[in-house]
Amino acid sequence: QVQLVESGGGLVQAGGSLRLSCAASGRMFFSYTMGWFRQAPGKERVFVAAVDWSGTTTYYADSVKGRFTISRNAHNTMYLQMNSLKPEDTAIYYCATDLRPWGAQANRADYWGQGTQVTVSS
């Protein structure tokens, strides 16, 4: 059974930083794409960032380019380093694997985490 567990969310002031983690279990993830999505109150869930199986190819939503960095290690853990946070980054952030289509237009995934809340105060 595939499980994705996010951590690292919280409350931060605008301009601050947070690092989200996603621990994956239930299979070997080294050959699968992984990524982050977010859902703000009253809005649809949208793509944030994705990383390929090797960790060398990444994609970002335009809204987070230059501020967020996605990475993964060899132990089934993925990260999202979020810097220069803005109030509009406030959302529930979801970890996902097996993204489709591959790239910045990803809008589906086979497996999802339960989400972690990120709140950025102005």
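The values are calculated or read from the model by the stated rules, or taken from the named source; none is laboratory data. Treat the numbers as computed from the prediction; the structure is a model and nothing was measured. Using ideal geometry, Cβ is built from the backbone for each residue, glycine included, and neighbour counts are taken over all protein chains shown. Remember, those area values only see protein heavy atoms, side chains included, never the ligands or the DNA or RNA. Shrake-Rupley method; radii C 1.70, N 1.55, O 1.52, S 1.80 Å.
Give me the percent of accessible area attributable to carbon and sulfur for the chain, probe 1.4 angstrom.
Details: 3090 of 6300 Å².
Looking at the chain in its full context, I get 49 percent from C and S.
Expressed in nm to one decimal, what extension gain is obtained for the pair GLN1 and TRP53 from 0.36 nm per residue of sequence separation less their Cα-Cα distance?
16.8 nm
Taking the structure as given and computing Cα extents along the principal axes in Å, which label from (1) 40, 26, 23; (2) 39, 27, 26; (3) 49, 26, 23 fits?
Correct label is (1).
Heavy atoms of the protein only, probe of 1.4 Å, neighbouring chains included. What is the accessible area of VAL12 in Å², nearest 10?
Spelled out: VAL12, probe radius 1.4 Å, area about 20 Å².
Quick one: how many Å² of VAL5 are accessible to a 1.4 Å probe, rounded to 10?
My reading of the accessible area for VAL5 is about 80 Å².
At a probe radius of 1.4 Å, what is the per-residue accessible area of ARG27, in Å² to the nearest 10?
Estimated to the nearest 10 Å², ARG27 gives 60 Å².
Figure the gain on full extension for SER25 and SER122 (residue separation times 0.36 nm, minus the Cα-Cα span) and round it to one decimal in nm. Walk me through the numbers before you get to the answer.
Working: separation 97, 0.36 × 97 = 34.92 nm, distance 3.61 nm.
So the chain would gain 31.3 nm between SER25 and SER122.
What is the distance in Å between the Cα centroid of the range 69-122 and that of the range 28-67?
The range 69-122 and the range 28-67 have Cα centres separated by 5 Å.
Students sometimes get this wrong: rank ARG108, ARG100 by accessible area, probe 1.4 Å, all chains present, largest first.
ARG108, ARG100
Accessible area per residue for the chain in Å², computed with a 1.4 Å probe and the full protein assembly in place, what is it?
For the chain, the per-residue accessible area is 52 Å².
Under 16 Å from the 7 Å Cα→Cβ point of HIS75, by amide nitrogen: which residues of the range 1-27?
5, 7, 21-26
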